[in-house]
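Below is one structure, written out as structure tokens; the observations come after it.
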Amino acid sequence: MRELKPDVDIESITNESTAEDAIIRLSDAIRYHNYRYYVLDDPLVTDAEYDKLLLVLIALEEKFPTLLQSDSPTQRVGIEPRSSLDKVTHTIPMVSLKTVYDKETVLSFDKTCKAELNKSKVEYVAEPKFDGLAVELEYENRKLVLASTRGDGITGEDVTANIRTIQDVPLTLQAFEDENPPSRIIVRGEVFMDLEDFNKLNQERTKNEEPAFANPRNAAAGALRQLDSKITASRPLRIYLYGVAEIEGREFSTQMEVISSLQKWGLRVNLGMTRLCDGIEEALQYYTEVDSERDSLPYEIDGVVFKVNSLSEQAKLGMRSRDPRWAVAYKFKPRQATTKLHSITVQVGRTGRLTPVAELEPVNIGGVTVARASLHNQSEIDRKDIRIGDTVIVERAGDVIPQVVKPVEDLRSGKEKGFKMPKKCPECESQITMSHDLKSSMCLNLNCPAQLRGGLTHLACRVGMDIEGLGPKRVNMLIDHGVVTDIPSLYKLKKEDLLTIERFGETSAESLIKQIQDSKTQPLDRFIFALGIPTVGLSTARLLAKIYPTIEILMDASETELMELDSIGPEVAGNISRFFSLESVRNMITELRDLGLNMSSDQSDPATESQLTGKVFVFTGKLENTTRSDAQKLVEDLGAKASSSVSKKTDYLVAGPGAGSKFAKAEKLGIHILTEKEFEKMISDL
């Protein structure tokens with residue numbers, strides 16, 4: 001029989017054998033109390049009694065350090081910071097659910113399920129849809145061995161050290177006489193933050209003059225993706241598990257059976273708000289009830305999820321390319337409130353894009369105070385006729401992102417003022433350029449403080465100047481220590497400058513300096529792309545380098561002349577012309593030329609013949625350093641073919657985040673799959 005309060009006298013324990021027995025008894029009791037408190041919400045001891053057991057265990061482990069186990073209840077404080085989060089490939093993709101917003105679509109989902117299962121009524125499991133971060137936990141022999149984020153569904157990030165700090169997560173699964181845990185199991189769930197804890201965290205951050213988090217989801221996601229798990233341990237994260245991806249030594253017949261077993265094994269599930277529904281009408285009634293109660297819940301939800309209860313029926317219904325056909329997420333209508341729009345400020349992003357932001361009279365929308373909301377662009381402001389001083393309707397779309405829906409025109413006093421995007425960047429006072437449709441405003445000054453970090457990262461990328469040792473982390477480090485203040489200063493760096501920065505030694509400093517100096521010989525097309533001219537991708541840069549043999553000739557090309565080139569339209573031509581008309585850009589290029597960077601082309605024809613001639617490429621997912629259309633043009637310039645579909649004739653699939661059915665088909669056909677970085681290396685090595 002389990003001891004609830006083991007009586008252990010530390011002073012009387014003098015050898016490891018006796019200590020080991022006491023540690024086992026204490027650990028078993030503490031794990032059970034954790035289960036009662038965090039999983040069942042039904043504690044059997046007071047906080048003081050629990051703390052006493054934990055303190056005795058800590059004292060014993062300190063007295064006999066060789067007996068300390070990695071899954072001890074005391075081991076939740078975090079480990080030393082890491083330089084990056086490792087990647088984890090999900091053996092079964094973590095797909096998202098199909099999202100619907102109206103009753104008719106839910107009824108259509110039910111109709112399809114009934115038709116394909118040949119049933120007059122389908123049994124569903126209904127549960128809240130948490131607004132958190134999806135994770136996967138892997139247990140072997142009852143021990144937690146790996147935890148990862150969803151990522152792009154195929155590849156996530158290793159957050160094991162951070163997950164271990166969450167009290168809700170058992171480091172060792174519970175064993176019961178009638179329900180022992182399987183030898184291996186992979187479970188999935190959602191990490192989130194309770195509203196009360198979120199508000200306390202923000203109050204503390206404000207007190208310490210730190211920026212407040214926008215919402216609980218952002219706070220939870222940021223905490224879970226920390227490189228220093230000790231920071232994660234200081235954040236009040238919670239978790240609910242809702243499904244099994246893989247399991248050995250156990251079979252289930254229903255989703256409700258899955259949830260019940262997870263709870264018995266010590267995994268926290270939301271059994272109290274999970275309901276078995278006999279047909280879609282009961283499921284819709286559940287939706288109505290939860291919608292009316294969500295303001296009283298201690299956490300954020302943005303809808304409910306309906307899942308076919310029978311696992312064999314789930315298997316029969318199968319999957320679409322991006323989501324299962326046996327489940328649907330029925331989202332709540334956005335929460336709205338009216339408030340006053342006091343002013344509109346402009347933010348400059350890392351790529352130089354300017355975004356207007358509404359500064360609002362703080363208003364509570366669904367338990368979260370909203371004081372700012374994105375207005376997107378000038379076109380959106382004009383379309384909605386939003387004016388400074390308006391009373392506006394604000395909603396949290398998807399219960400997360402605040403946005404201004406429209407003004408309340410009947411409440412206008414006549415004193416409201418229209419808004420126009422500034423002609424000069426608010427960060428550096430350089431001239432901005434706006435697209436013809438008024439949907440994009442850009443600061444073209446590469447040395448603008450707001451975009452220098454992103455600009456240097458882009459410049460150093462593999463298909464740009466190819467400075468491998470200069471990733472985002474090092475860019476931030478160089479800027480934060482003041483050794484790089486603009487792009488030319490990067491090429492003036494000396495080893496001595498780097499040695500003043502922590503984590504730079506002789507070898508790493510010499511290596512980075514060599515890479516920077518070696519990049520000066522990159523061909524003109526690489527340099528043009530690396531400049532980060534808005535809408536100028538890889539293929540456009542190659543075309544420009546082919547037509548204009550020196551950077552000086554390109555800089556003097558008129559907008560009209562540029563528009564005469566194949567594949568260059570008014571917007572691209574305008575962006576190139578305005579970019580090179582800036583005095584700051586011209587001065588920077590002169591300085592870079594004086595520093596020895598290559599500014600001319602050998603005018604060889606890169607599009608005629610290459611090692612890729614005749615090869616077939618398919619691009620899928622989101623590419624970070626270029627657009628898919630630019631990547632397709634690039635391989636076509638090199639004599640390859642870009643296709644939109646995967647077949648046996650495909651030679652390479654280039655997959656970015658969000659890759660779906662094309663990725664799965666390519667794997668099945670044994671096609672060579674490249675990441676964007678691998679693709680960039682392939683191109684740069686030609």
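All of the numbers you see were taken from the coordinates with simple rules; none came from a lab. Every value quoted in this text rests on a predicted model; they were computed, and no experiment measured them. No Cβ is skipped: glycine too gets one built from the backbone with ideal geometry, and neighbour counts run over all protein chains shown.
Peptides 131-140, 648-657, 526-535, ordered by how many other C-beta atoms sit within 10 Å of their residues on average, highest first, read 526-535, 131-140, 648-657.
Mean residue ellipticity, 222 nm, helices only, the chain: the sum of -39500 (n - 2.57) across DSSP H runs of n ≥ 4, divided by residue count and rounded to 500, is -10000 deg cm²/dmol. Here's how it looks for Arg372: its modeled amide H is under 5 Å from those of Leu360, which are all 5 or more places away or on a different chain. Annotation note: GluC sites (Glu not before Pro) in the range 416-524 located in DSSP loop regions with a Cβ neighbour count of at most 16 within 10 Å are Glu429, Glu468, Glu502. Close Lys pairs in the range 253-343 (alpha-carbon distance under 23 Å; sequence gap of 8 or more, or different chains): 4. For mean projected area of the Cα convex hull in nm², the value calculated from this model appears in [x] 41.2; [y] 32.9; [z] 36.9 under label [z]. For the residue pairs Lys5/Lys129; Lys514/Lys681; Lys615/Lys668, alpha carbon separations beyond 30 Å are given by Lys5/Lys129.
Among residues other than Lys668 with Cβ under 14 Å from its Cβ, the summed charge is +2 (Lys and Arg +1, Asp and Glu -1). Only aspartates and glutamates eight or more places from Lys492 in sequence, or on another chain, were considered; those with a Cα closer than 19 Å are Asp466, Glu468, Asp480, Glu506, Glu510, Asp518, Glu591, Asp594.
State, as an integer percentage, the relative contact order of the chain based on alpha-carbon contacts under 8 Å between residues 6 or more apart.
Contact order relative to length: 9 percent.
Across the range 61-163, Cα-Cα distances exceeding 22 Å account for 57% of all pairs.
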